[in-house]
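Peer 1: Let me begin by handing over the structure; questions about it come next.
Each value in this text was obtained by applying a stated rule to the coordinates, not by laboratory testing. A quick note: this is a predicted structure, and the numbers were derived from the prediction, not measured. Don't worry about glycine lacking a Cβ; one is built from the backbone with ideal geometry, like all the others, and counts go over all protein chains shown.
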Protein chains: 2
Amino acid sequence: MATIRDVAELAKVSTATVSRVINSNGYVNDGTKKRVKEAIEQLNYLPNDVARSLFKGQSKMIALFVPDITNPFFPELARAIEDVTNRHDYTFVLCNTDNDIDKQMDYLNALQQKSADGFIIVSSSLREEDLQHIQVPIVALDRIISPDISSVTVNNRSGSVQAVQYLKSIGCTRIAHIAGPEHVDNAALRLRGYLDEVKHEDWFNSDYVVSGAYNFDVAREAAIKLLTNYPEINGIFAGNDLMGAGVLNAAASVGKKVPDDLAVAGFDGIAIGGTLTPTLTTMAQPIYDIGAKAAEILMTQIQSAEYGVAAEELTVRLIERQSTLKGGV
Amino acid sequence: MATIRDVAELAKVSTATVSRVINSNGYVNDGTKKRVKEAIEQLNYLPNDVARSLFKGQSKMIALFVPDITNPFFPELARAIEDVTNRHDYTFVLCNTDNDIDKQMDYLNALQQKSADGFIIVSSSLREEDLQHIQVPIVALDRIISPDISSVTVNNRSGSVQAVQYLKSIGCTRIAHIAGPEHVDNAALRLRGYLDEVKHEDWFNSDYVVSGAYNFDVAREAAIKLLTNYPEINGIFAGNDLMGAGVLNAAASVGKKVPDDLAVAGFDGIAIGGTLTPTLTTMAQPIYDIGAKAAEILMTQIQSAEYGVAAEELTVRLIERQSTLKGGV
């Protein structure tokens, strides 16, 4: 492997000059610059990023923590973040944490040792105090960890109000909700939004809210029971799309036609929703934009220490598909 | 931040002794070891991995190249690889290449500069000569790039034979195939397997093979045409599950009942298949095992230069679900 010394010798300059050309700092006249560049090419010299990060204390590497990349919400998020980091010549590290505190702390320590420059974190378990020893920028996704840590979230509660209003507008008169896990902030907010919109209706029945655990099978079983016990239900708002998919399967198994007998809407806007039968209406989060925005905030904070805390709330939007459009499939 | 010198001073030993304790090499008596460890804890000292990788020329970092992590096949693969690398204390870097040659070469060069220790590559475009300058181990997934590069693949062709035999065994007498892109090796092999099993049937018609481009919408449109023009078709083998989902939606839109009028099977075994209505029968690849196996091979090759080329072919297996089980949903 060629060294900086080999390049300097071939170009007949000092190693300091080669370094100035590589790092584009300090004046070097055009003729010299050309000679150095030719020598670099000829020798196939790669300036070593490891050596650079040792001197600068930076690795040009950032990490994303997600509970599990196989949860269909996260791949699009990861793609967006990686696109941005790649454009900035940063390396993108992916960590599956299972929301486990010890695993998250281990990742944080290991990556600090490798001089990681920043973290984007999706976690329902990490608390502010767990992050106090981190000396690089952090952006929290999906949930606000602390007012001192930047975050990108969406309007879960008002988005859910909007979803239920939409179901009413297309003629649903008995609307149930399949809720996510109570301890997850966004699930609690979506339930809140549903209740905001239905709790004063004379038909409202607290048995219309059942838990689907953000899981296909659990939601499917819950929906089968719900539709069997309360055949008057003609609209279901599922707290996420995966549970919406479970409702569609439940409806088929109890002989309810979607959307004619039962309209179904989910939340999230994951790609799967568009591949179901019928395709699933949803309150879509701008998933790609959330990831890209988080990555841009992180890049800005890494590059400029003066940049303050950012708290962005993006807006969900309705995507109408076959599961609510009569004459649909 | 504490330095190794601070630790040495507090523990009243030399920095060389501290280094021996940290790296667990060379003899240090138990009393001294305890003092060093206590000093490390007290000072919250983190030995710097960056400095280590500079001396050793290793970063304890490996990278996975996928065309696009949002393709639902890749998240489970990435999860498996990251689980293994994490167990070995390696950092996992994810790169979305879009199968673009320039992008792949840029990633390879950038990661070599960062002293990446190995690569796991899913690519239908990279050729053997593109990888000749890589001096660390590589494992190719899904496709054999060269006999000199380790690989993990599955039995695409015989697995497809098995899928079609299964459709025959449940009573299908006219079986069509939705094929993936011609230039993708596994799509060509799956088509080959379908033809192996049907080309000598008196009912075989080459119009029963249509292209679905490994895409939901393209497959859906193709299946609508197919089922309209050839209403006698009572079985469809889709070259992947995403196209299988398109077939299910197409069947609903032309009024064919699945599985009573039409049995549908896919290939891949992605999680989505279990969340469709009806749930989709598939020839499942052992996706997690493929990723884990590739990561284990890579780890072995990184740790021992003498280890030769591995070429593993894993076996797909049938998962029967509602789309072929009469009385299903």
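Peer 1: Quick one: angle between helix A:74-87 and the longest Cα principal axis of chain A, in degrees between 0 and 90, rounded to 10, please.
Peer 2: The angle comes out near 20 degrees.
Peer 1: Measuring label to label, 7 Å along Cα→Cβ, what does residue B:83 give against each other copy in nm, shortest first?
Peer 2: Computed spacing set for this position: 3.0 nm.
Peer 1: If I model a spin label at residue B:88 and residue B:132 as a point 7 Å from the Cα along the Cα→Cβ vector, what separation in nanometres do I get?
Peer 2: Between residue B:88 and residue B:132, the simple spin-label model gives 2.7 nm.
Peer 1: What list of ³J(HN,Hα) values in whole Hz, one per residue of region A:280-288 in order, does the Karplus curve 6.51 cos²θ - 1.76 cosθ + 1.60 (θ = phi - 60°) give from phi, with Gly and Pro shown as x?
Peer 2: 9, 5, 8, 8, 8, 7, x, 4, 4
Peer 1: With a bin width of 20 angstrom, please list the P(r) values of the protein assembly as shown as percents of all Cα-Cα pairs, from the 0 bin to the one holding the largest distance.
Peer 2: 17, 44, 30, 9, 0
Peer 1: A further question follows. Taking the 0 to 90 degree range and rounding to the nearest ten, how far is the long axis of helix A:185-198 tilted relative to the main principal axis of chain A, both from C-alpha atoms?
Peer 2: 30
Peer 1: Now for a separate question. If you filter region B:107-204 for chymotrypsin sites (Phe, Trp or Tyr not before Pro), then keep DSSP loop positions with at most 15 other Cβ within 10 Å, what is left?
Peer 2: Details: sites: B:107, B:119, B:166, B:194, B:203, B:204; in loops: B:203, B:204.
Passing sites in region B:107-204 are B:203, B:204.
Peer 1: For residue A:34, go through the lysines and keep the ones whose alpha-carbon is under 25 Å away, minus same-chain ones fewer than eight residues off.
Peer 2: Those lysines meeting the cut-off are A:12.
Peer 1: Ok, one more. Cα centroids of region A:225-271 and region A:58-135: how far apart, whole angstrom?
Peer 2: That distance is 35 Å.
Peer 1: Here's another thing I want to ask about it. Quick one, what does Rg over Rh come out to for region B:156-285 if you take C-alpha atoms and the Kirkwood Rh? Display every interim value, and only then the final one.
Peer 2: Working: Rg = 12.7 Å, Rh = 13.9 Å.
Here Rg/Rh amounts to 0.91.
Peer 1: What residues from region B:228-266 fall in the zone where the backbone N is under 11 Å from a label point 7 Å along the Cα-to-C-beta line of residue B:205?
Peer 2: So the set is B:228-234.
Peer 1: Could you pull out the trypsin sites (Lys or Arg not before Pro) across region B:98-173 that fall in loop regions by DSSP (anything but H, G, I, E, B) with no more than 15 other Cβ atoms inside 10 Å?
Peer 2: Numbers: sites: B:103, B:114, B:127, B:143, B:157, B:168; in loops: B:114, B:127, B:143.
Passing sites in region B:98-173 are B:127.
Peer 1: May I ask which residue of A:240, A:181, A:223 lies farthest towards the positive end of the charge dipole of chain A, with charges of +1 (Lys, Arg) and -1 (Asp, Glu) on Cβ and the Cα centre as origin?
Peer 2: Final value for the positive-end residue is A:240.
Peer 1: Count the net charge of all other residues whose Cβ sits under 15 Å from the Cβ of residue B:146, scoring Lys and Arg as +1 and Asp and Glu as -1. The partial results should precede the final answer.
Peer 2: Values: positive: B:127, B:143; negative: B:128, B:129, B:130, B:142, B:148, B:185.
Net charge in that neighbourhood comes out at -4.
Peer 1: So the label point sits 7 Å from Cα along the Cα-to-Cβ vector; using that for residue A:257, what distances do you get to the other copies, in nanometres, sorted shortest first?
Peer 2: List, nearest first: 1.3 nm.
Peer 1: Still on this model: For residue A:199, which lysines qualify as cross-link partners when the Cα separation must be under 29 Å and same-chain residues fewer than eight apart are set aside?
Peer 2: A:168, A:225, A:256, A:257, A:326
Peer 1: In terms of modelled amide H atoms, which long-range or inter-chain residues lie less than 5 Å from the amide H of residue B:120?
Peer 2: HN-HN under 5 Å from residue B:120: B:63, B:64, B:65, B:139.
Peer 1: One decimal, nm, shortest first: give the distances between the label point of residue A:100 and those of the same position in the other copies, each label point 7 Å from Cα along Cα→Cβ.
Peer 2: 3.7
Peer 1: Looking at the P(r) of region A:4-47, how many percent of alpha-carbon pairs lie beyond 15 Å? Before the final figure, lay out each step's value.
Peer 2: On the way: 244 of 946 pairs.
Within region A:4-47, distances greater than 15 Å cover 26 percent of Cα pairs.
Peer 1: If I take every Cα pair under 8 Å that is 6 or more residues apart in chain A, average their sequence separation and divide by the length, what percent do I get for the relative contact order?
Peer 2: 16 percent.
Peer 1: Okay, moving on. Would you mind listing how long chain B runs along its three principal axes, going by Cα atoms, in whole Å with the largest first?
Peer 2: 86, 43, 28
Peer 1: Another one. What is the helix-to-structure angle for A:30-43, meaning the angle in degrees between its Cα long axis and the longest Cα principal axis of chain A, kept from 0 to 90 and rounded to the nearest 10?
Peer 2: Around 70 degrees separate the two axes.
Peer 1: Please give every one of the lysines within straight-line cross-link reach of residue A:60, meaning a C-alpha to C-alpha distance under 24 Å, and leave out same-chain neighbours fewer than 8 residues apart.
Peer 2: Qualifying lysines at Cα under 24 Å: A:37, A:103, A:114, A:293, B:56, B:60, B:103, B:114.
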